[in-house]
1. How many of the residues making up region 88-108 are surrounded by 19 or more Cβ atoms within 10 Å (Cβ to Cβ) and in contact with a Pro (Cβ under 8 Å, 6 or more places away or on another chain)?
2. Name the residues in region 25-53 that are in a helix (DSSP H, G or I) and under 14 Å from PHE142 (Cα atoms), would you?
3. Look through GLY79, GLY138 and report the one residue that is loosely packed, with under 15 Cβ neighbours inside 10 Å and out of contact with any Cys (no Cβ under 6 Å at 6 or more places or on another chain).
4. Which members of region 227-271 meet the condition of being under 24 Å from the mean Cα position of the chain (by Cα) and in a loop (DSSP other than H, G, I, E, B)?
5. Out of the residues in region 326-376 meeting the condition of being in contact (Cβ under 8 Å) with a residue 24 or more places away in the chain and outside any helix (DSSP H, G or I), tell me which one is farthest from PRO310 (Cα to Cα).
6. Return a yes/no flag: does region 327-344 have any residue that is at pLDDT below 95 and outside the structural domain of THR49 (by TED's automatic domain parsing).
7. Go through (1) closer than 26 Å to PHE312 by Cα; (2) out of contact with any Phe, Trp or Tyr (no Cβ under 9 Å at 6 or more places or on another chain) for SER217 and report which single condition fails.
8. For region 53-104, enumerate the residues that are hydrophobic (A, V, I, L, M, F, W, C) and farther than 25 Å from LEU124 by Cβ.
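The values are calculated or read from the model by the stated rules, or taken from the named source; none is laboratory data. All of these numbers come straight from a predicted model, not from anything done at the bench. Here the Cβ positions follow ideal geometry from the backbone for every residue, glycine too, while neighbour counts run over all protein chains shown.
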Amino acid sequence: MAKTIHIAVVSSPGFSHLVPIIECFAFQALEFAKEFNLLSYFYFPSSATVLSLHLHLPKLDEEIACEYKELTEPIKLPGCVPLLGIDLPAPLQNRSSEAFKCFLERAKAMVVADGIIINTFLELESSAIRALEEFENGKIKFYPVGPITQKGSSNGNEKNVECLRWLDKQPPCSVLYVSFGSGGTLSQHQINELALGLELSGERFLWVLRAPSSSVSGSYLEAEKEDPLQFLPSGFLERTREKGLVLASWAPQVQVLKHKSVGGFLSHCGWNSTLESLQEGVPLITWPLFAEQRMNAVMLVDALKVALRPKFNEDGIVEKEEIAKVVKCLMEGEEGKGMHERMKNFKDSPAYALKDGSSTQTLSQLASQLENLSGV
C-alpha cells in the first residue's frame, strides 16, 4: 500500500510552523518530525476501539504467549466492548508473520506521536475515548473529529437513476441494501447461498454484486472483467424480479441509505460504511470480511445493539437458511424493531457532533493549539 505524508501549515502573525499530520501507514515519517524537533500528529481513519488495540498491542504481545485466535477468554481493552481473539484483524492471527511484525512496529511507533486525530465522535465511543485520554497518563492528546464521510452525489448517472427510481416504488423501510464495499468479494459458493437466502427470506432487497473471488479483498487486487450477474444461480433474477434489484459492482451508497424505502443494510462493516449507516439511522446485518471489520461488527452488535451477526458454518460459509433467518429478523422481527428504534434515537447524534457538539469543539481545540505553536 502506498504511503503518504500530509503536512499542515499553521500560520500566525509573522510566523509559520510546519506540523506533520501523518497517515498511519506512513508511521516512519515520525522519525523525520522528531529529527527536526516538530510536533507530530497521526490521522487515524478508523474507530477509537481499533486505535485502542494498536496502542495496547505492545503490552498484549508481552503478556499473551499463544496465538490470539486460541484465547478462550475475551480481550478487554479499557473502555471497549470485550473482543474475542478471532475477531482481531487478520494480520494479528499469525504472530510469526511479516504482517504481524509490521502491525506491531506501527503500534509501537504511534505512542510517540504528540496527538492522534480519530475519525469517530464522543457520542459514539464515549467510554473508549475517555479511556484513551488516560492512556499513559495523558501523554498523547486525542482528537475525535468524526464522522468524516462523503456525502456523495447521484450526478445523473443512468445506473444511479435506475437504482433510485426502483427504490421510489418500494414501501417505506422495506428494502434490505446489500453491499460489501469497494473491495469486498465473496466466493461463488457464498454468492449462491446469499442469493438463495435472500430469495428464501421473501424480503425486498437491493444487492450490489461483484464477481466471485477466492480472496475476500479481491476487488482491490484486480479490475473486474466479467459481468457479475452471470454468476447468480440460474433463474434467480427472474424469480425475484418483483422484490429485488441486483446492480453490477457499484451503487450510490449514501443516496441509497438516505432513501425512505431502505430499512436495513447487510454490510462488510468497513468503517466508512458503518459511519454512513449510523448517520442515516439504518440498522445492519454484519458480514465482516477483512481488516478491522470484525471489531466493527462486535461494536455494532454487542455495544450499540443495532445489528445482527449471522453464523458461519465450519467451512466459513453463511448458509441460505441462516441468511433468510437474520434478514427476516432485522426487517420484520421484534428484535429488528428494537434495533430500528435504537437507530432512530441515535440518528441525530452524528450530525450534532459535527454541527454544534463534541467533534466541532474538539476540532476548535486542535486548531487553537496549532495556532499557539508560535509560542513554542
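1. 3
2. ALA48, THR49, VAL50, LEU51, SER52 - these are the residues of region 25-53 that are in a helix (DSSP H, G or I) and under 14 Å from PHE142 (Cα atoms).
3. Sole residue among the options that is loosely packed, with under 15 Cβ neighbours inside 10 Å and out of contact with any Cys (no Cβ under 6 Å at 6 or more places or on another chain): GLY138.
4. SER249, TRP250, ALA251, PRO252, HIS259, LYS260, SER261, HIS268, CYS269, GLY270
5. The qualifying residue farthest from PRO310 (Cα to Cα) is VAL376.
6. Checked against the condition, which is being at pLDDT below 95 and outside the structural domain of THR49 (by TED's automatic domain parsing), region 327-344 yields at least one hit.
7. Among (1) closer than 26 Å to PHE312 by Cα; (2) out of contact with any Phe, Trp or Tyr (no Cβ under 9 Å at 6 or more places or on another chain), SER217 violates only (2).
8. Selection gives ILE64, ALA65, CYS66, LEU71, ALA99, PHE100, CYS102, LEU104.
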